[in-house]
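The values are calculated or read from the model by the stated rules, or taken from the named source; none is laboratory data. Being a predicted model, the structure only gives us computed values, none of them experimental. Using ideal geometry, Cβ is built from the backbone for each residue, glycine included, and neighbour counts are taken over all protein chains shown.
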């Protein structure tokens, strides 16, 4: 077991633990790749889940660290099935796409992958946060293909009658 994995296994869900682990990566940037690989893996062991949380904490204000490995990150986002990994991965993707200059650099293939991942999350996510970030990310690409807006509106129409206040709030944000 690596020093990073050992540290991750000592962390809990607290902000303080996530900050401690992010500070470790900041002090030892050569460990970023290992953190990235753990977070993007489809595995859902405790170390992998915590790695996703720490990747979010570390990268949120340094989104450029994802640029060189964006395709791998997008694959990592797409393959996540564990709810506790989905939220931080989709949150990072949302914040990445939120930046116009980063969004403008995306290839058609990358956008197609993002759209597919967002719809997958919308259909499979059990928790509201991953769903909300997926919908908000998808909003950036409504005009990418004609069918995206139609499918998004159909999804909203189907879910809205029995939806939570949080879902309705996201719908208002993207409408």
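If residue 87 satisfies every condition in (1) more than 14 Å from the chain's Cα centre (by Cα); (2) outside any loop (DSSP other than H, G, I, E, B) but one, which is the exception?
(1)
State whether the residues of region 145-157 include one that is surrounded by 12 or more Cβ atoms within 10 Å (Cβ to Cβ), modelled with pLDDT of 90 or more and out of contact with any helix residue (DSSP H, G or I) (no Cβ under 9 Å at 6 or more places or on another chain).
Yes, region 145-157 has at least one match.
Find the residue count for region 92-109, including only residues that are within 22 Å of residue 31 (Cα to Cα) and touching a residue at least 40 places away in the same chain (Cβ under 8 Å).
The total comes to 1.
When you look at residue 101, is it surrounded by fewer than 16 Cβ atoms within 10 Å (Cβ to Cβ) and assigned to a helix (DSSP H, G or I), yes or no?
So residue 101 passes the test.
I need the full set of residues from region 104-146 which are part of a helix (DSSP H, G or I), more than 16 Å from the chain's Cα centre (by Cα) and within 14 Å of residue 74 (Cα to Cα), in order please.
Across region 104-146, the qualifying residues are 108, 109.
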